[in-house]
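J.: Quick one: structure below, then a few questions.
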Amino acid sequence: MISIFILNTEYAGPKKRAFASNLVWNFWVIGLVLSAVLAYFLKDWKHLNLATSIPGFVVFLFCYYIPESARWYLVHGRSDKALHILKQVGDVNGVPIPIDIVLEETCSQGKSHGYSTKLFKNRLMIVYILVCLLLWFTCSMIYYGISLSSGNLGGDIHLVFILTSSVSIPGHCIAIYLLDKFGRKKMTIINLVLTALAMIGASLFSLGESSTVNTVLRVTLSMLGKFLLQIVFDAAYLITYEIFPTTLRNILMGISSATARLGSFSASYIIYLKDVNPVLPYMIFGIIGIVSAITCVLLPETNQTPTKETLANNGNNGNHEQADKEVLQMTEKEEIKLL
C-alpha cells in the first residue's frame, strides 16, 4: 500500500496532491465494506480467505503496465527515463511538454548511497521521524481498535463493521478540502484531539447497565471517531510524504507503516481490557491520541509546498520554507500545468 500511495502521489503537483493521495484510500474502504459483506454470506473462513485473495492475482497481471516514478528516476541519475515517462503523461493529459525541456538530476552519483547515515546527523529530521512514528502508531491503533471492537459496541457485528468502515469514505472526501484549505498540520492536531474526545466519550457510555440508548451513543461516537480519524490518517500519510525526500521517502514511510502495524497489533490486545473494565480500551485510545496530537505541534506545515528530492533539501537550520524553495527542479507553474 505504501508503494502504491507514493507512486500515485509523486505524479501530482502541489495543488492536486491531497486529491491524488486520498483517491487511493476510497478503494481501501470499499474493500473493507465488501469484506464484511462476504463474511456475512461466507461463513467458512477458508471460503472467505479464498474469495478475498483471488482479486490479488488479477491486480498482479497489471503490474507490468504501471510506470516507474519520474522523481525516482531523477534522483538515480536517469533523467532520460524520467523525461520519457513525463512525455507519456503529457500526451495522455493532452498537454505535451516542451521539446527543449531539461530535467536536472538531483543525485549526481545516481544513487541514494550514504543518505541513511546522514539522516541520523540531522536532529530536526530525527524529531520529525519520531513524531511521525508516534502519529502513525496512534492512528493505526485507534483505527483498528474501533474496527476490531465492532462486536463489543452492540448490534449485529457485520452491520456495525460496515457502518464504522463506510464513514471513512466521506472522511476521505472532506479531507481533500480540509487539508488543502487549512493545512496538514492544523487539521492533524484538531481532528486527532476531536477523535480522542470521541473515544473518551464512547468509553464513558460503557459504564453502567447496557441499554439501547448507550449502545446507539457508543456506536455513534465510534463512527464519529473513525470519521475524524480518517482525516488524521490521510494527513499523516500526506505530511510524512511531503516532509521526507524522494531518496528516503519509501524507506521512511515503510518504517512508519511498520510502526503503524505495531499500533494495530497492540489494539487487538487493548480491546480485551474490557474484561477488566469496559472503560479502559477507548479511554486508552483517547489518552494516547491527545499525547500524539500535542507532539504534532513540532511538525512543519507542508501544504502547497514542492516535495524534496534529496536529504540536502531538508533541514536548513529548521527553515522548512527555505528548503522548499531550493528543491524545485521545474517551476511550480510548469509542474502543475503538466500534471
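J.: Taking the simple approach of a point 7 Å from Cα along Cα-to-Cβ for both V59 and H84, what is their distance in nm?
T.: 2.7
J.: What whole-number distance in Å separates the alpha-carbon centres of region 75-99 and region 179-221?
T.: When both Cα centres are located, 45 Å separates them.
J.: Quick one: of K181/K226; K87/K121; K181/K308; K121/K186; K16/K226, which pairs are farther than 31 Å apart, Cα to Cα?
T.: Cα-Cα > 31 Å for K87/K121; rest within.
J.: In nm, to one decimal, how far is the L50 label point from the L23 one, both placed 7 Å along Cα→Cβ?
T.: Result for the modelled spin labels: 3.6 nm.
J.: Where the centre of each part is set by its Cα atoms, how far does region 227-292 sit from region 1-66, in angstrom?
T.: So the two Cα centres are separated by 20 Å.
J.: Want the number for V95 to L159: 0.36 nm per residue separation, take away the alpha-carbon distance, what's left?
T.: Extending this stretch completely gives an extra 18.4 nm.
Values in this text are rule-based calculations from the coordinates and carry no lab data. Predicted model, so just to flag it, every value in this text is computed and none were measured. We place every Cβ from the backbone using ideal geometry, glycine too, and count neighbours over all the protein chains shown.
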